[in-house]
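A quick write-up on the structure given underneath.
The values are calculated or read from the model by the stated rules, or taken from the named source; none is laboratory data. If you're wondering where the values come from, they're calculated on a predicted model, not measured in any experiment. Here the Cβ positions follow ideal geometry from the backbone for every residue, glycine too, while neighbour counts run over all protein chains shown.
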Amino acid sequence: MGTDVERATEPGRHGMRYCLLAGAVFAVCMAGTTLPTPLYGLYQEELGFSELIVTVVYAVYAFGVIAVLLLAGDASDVLGRRPVLAWGLALGAASAVCFLCARSVGGLPLLYAGRLLSGFSAGLFTGAATAYVLELAPPGGRDRATFVATAANMGGLGCGPLLAGLLARYASADGLPLILPFAVHLVLLAVSAGVLRALPETVAGRRPGRRVRPRRPALPAEVRPVFLPAATAAFVGFALLGVFTSVGPAFLNESLHVHDRALIGLVASLAFFASLAGQLVVGRLGVARSLVLGCLVLIAGLALLAGGLVTEVLALVVLSALVAGAGQGLAFRGALAAVARAAPEQHRAAVISALFVAGYAGISVPVIGVGLLSGPLGLEDAGLVFIACMAALAAAAAAYLLLRPVGGPGTARRGE
């Protein structure tokens with residue numbers, strides 16, 4: 001047919017129902033990646049490791065995501081969406097098993113293994129599930145499908161800490177707080193596997209000889225002008241979410257004396273849920289304005305977080321999670337919509353995967369930096385250094401977007 005990918009079903013043949021079901025599977029997978037967030041303090045008590053190790057354990061996940069995106073970012077373009085997503089669910093289940101066994105038999109190595117497997121799972125899901133949801137959308141439903149995809153991603157990430165925090169708070173038996181969250185997630189993964197089997201495939205074939213293979217990061221020429229500002233915004237937004245879900249619980253525990261696991265999980269979740277609110281208004285604002293405004297709101301969220309670190313006031317930390325999350329939602333959905341419109345259909349999943357590489361680089365590198373600095377500087381001062389760096393990046397991205405708006409001269413526009 002002259003393209004790398006053929007459709008097995010016509011877009012929208014099954015309406016929004018299949019699109020929403022695919023989004024639900026996406027959300028379940030992503031929830032598992034943040035499930036350990038309010039539990040790291042318990043693992044520290046059980047296994048006796050430092051705050052730096054917490055950030056490394058957390059960042060191992062991001063390295064797993066990036067490795068899959070770089071080595072097999074186009075796997076679902078070649079093999080089909082459903083087989084790749086099925087492997088993602090299986091890897092998520094393996095990750096949950098590692099966390100279940102870490103306390104009793106495996107210790108820290110199993111935590112690393114669990115986070116790495118979780119990263120592999122998310123790496124398979126991010127590009128493939130996003131493209132899958134978009135392809136299952138009915139005619140004229142691409143904007144709604146983009147929201148379903150980003151909402152499933154961020155909503156799932158937000159549900160993870162909230163679910164684990166609630167289960168850890170009310171599971172009072174010895175060891176149960178480190179068992180029940182992952183046991184529940186295994187059940188949800190099994191249900192998701194059944195749902196996935198009922199969904200149609202959207203990729204029918206490929207060119208003879210086309211294989212999944214490692215390849216250098218590359219973008220089609222028409223995507224490149226859009227990709228730089230979109231990727232920068234994604235980097236900053238994901239970095240901020242990474243800090244909330246890695247060292248955020250430790251700051252709440254040590255500096256604000258918050259020991260309630262449910263409350264710790266809720267604070268981490270607020271940033272992800274606020275991201276959904278930010279995504280809701282992108283359709284009204286448009287992609288270009290959403291990217292600029294997202295960067296500016298991220299800067300405001302960073303300023304509030306700095307105030308919370310300095311004054312040790314819980315209300316400021318909560319407010320920073322809400323504001324920063326809203327900014328991340330604006331920037332991320334705008335970035336995703338921009339690159340999805342600019343990408344040729346046969347390379348869409350690979351281009352979306354490249355955007356997620358930028359985002360997950362934001363989760364890993366700055367978070368480890370905070371962990372390294374927390375030893376000599378302390379957690380609060382390390383956080384302030386992080387805030388200054390991320391604010392400078394967000395300001396640079398906003399300035400670039402004001403000078404060269406997405407959709408303006410020299411940028412690619414598709415699907416307008």
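Filter region 97-107 down to residues that are hydrophobic (A, V, I, L, M, F, W, C) and without any contact (Cβ under 8 Å) to a residue 12 or more places away in the chain and give me whichever is surrounded by the most Cβ atoms within 10 Å (Cβ to Cβ).
101
Hey, does region 384-392 have a residue that's of a type in the set (Gly, Ala, Ser), surrounded by 24 or more Cβ atoms within 10 Å (Cβ to Cβ) and in a helix (DSSP H, G or I)?
Within region 384-392, not a single residue is of a type in the set (Gly, Ala, Ser), surrounded by 24 or more Cβ atoms within 10 Å (Cβ to Cβ) and in a helix (DSSP H, G or I).
Among the residues in region 333-347, are any closer than 16 Å to residue 238 by Cα and of a type in the set (A, V, I, L, M, F, W, C)?
Yes, there is a match, as at least one residue in region 333-347 is closer than 16 Å to residue 238 by Cα and of a type in the set (A, V, I, L, M, F, W, C).
Out of 127, 160, 194, report the one residue that is in a helix (DSSP H, G or I) and at pLDDT below 90.
Being in a helix (DSSP H, G or I) and at pLDDT below 90 holds for just one of 127, 160, 194, which is 127.
Check region 6-16 and report whether any residue there is part of a helix (DSSP H, G or I), at pLDDT 80 or above and in contact with a helix residue (DSSP H, G or I) (Cβ under 6 Å, 6 or more places away or on another chain).
No; the residues of region 6-16 include none that is part of a helix (DSSP H, G or I), at pLDDT 80 or above and in contact with a helix residue (DSSP H, G or I) (Cβ under 6 Å, 6 or more places away or on another chain).
Of all residues in region 219-264, which are farther than 30 Å from residue 342 by Cα and either touching a Lys or Arg at 6+ places or on another chain (Cβ under 6 Å) or hydrophobic (A, V, I, L, M, F, W, C) (or both)?
Those that are farther than 30 Å from residue 342 by Cα and either touching a Lys or Arg at 6+ places or on another chain (Cβ under 6 Å) or hydrophobic (A, V, I, L, M, F, W, C) (or both): 243, 244, 247, 250, 251, 252, 256, 258, 261, 262, 263, 264.
Considering (1) at pLDDT 90 or above; (2) out of contact with any Cys (no Cβ under 9 Å at 6 or more places or on another chain); (3) buried (at least 22 other Cβ atoms within 10 Å of the Cβ), say which one residue 21 fails and leave the rest.
Here residue 21 meets the rest and fails (3).
Restricted to region 309-331, and to residues that are surrounded by fewer than 24 Cβ atoms within 10 Å (Cβ to Cβ) and not β-branched (Val, Ile, Thr), which residue is farthest from residue 251 (Cα to Cα)?
Only one residue tops the list, namely 322.
Being touching a helix residue (DSSP H, G or I) at 6+ places or on another chain (Cβ under 7 Å) and either outside any helix (DSSP H, G or I) or free of Cβ contacts under 8 Å to residues at least 60 places away in the same chain (or both) is true for just one of 276, 293. Which residue is that?
Of 276, 293, the one residue that is touching a helix residue (DSSP H, G or I) at 6+ places or on another chain (Cβ under 7 Å) and either outside any helix (DSSP H, G or I) or free of Cβ contacts under 8 Å to residues at least 60 places away in the same chain (or both) is 293.
Pull up region 108-151, narrow it to residues that are of a type in the set (D, E, K, R) and over 16 Å from residue 59 (Cβ atoms), then point me to the one that is surrounded by the fewest Cβ atoms within 10 Å (Cβ to Cβ).
It comes out as 143.
Just checking, which of 83, 38 is surrounded by 24 or more Cβ atoms within 10 Å (Cβ to Cβ) and assigned to a helix (DSSP H, G or I)?
38
Every residue in region 387-402 that is among the hydrophobic types (A, V, I, L, M, F, W, C) and either over 18 Å from residue 310 (Cα atoms) or out of contact with any Leu (no Cβ under 8 Å at 6 or more places or on another chain) (or both), please.
388, 389, 392, 393, 394, 395, 396, 397, 398, 399, 401, 402
Of a type in the set (A, V, I, L, M, F, W, C), part of a helix (DSSP H, G or I), over 17 Å from residue 198 (Cβ atoms) and touching a helix residue (DSSP H, G or I) at 6+ places or on another chain (Cβ under 6 Å): is that true of residue 54 in this structure?
So residue 54 fits the description; yes.
Which ones in region 62-71 are small (Gly, Ala, Ser) and buried (at least 24 other Cβ atoms within 10 Å of the Cβ)?
62, 64
Tally time: how many residues in region 364-398 are more than 15 Å from residue 50 (Cβ to Cβ) and among the polar types (S, T, N, Q)?
1
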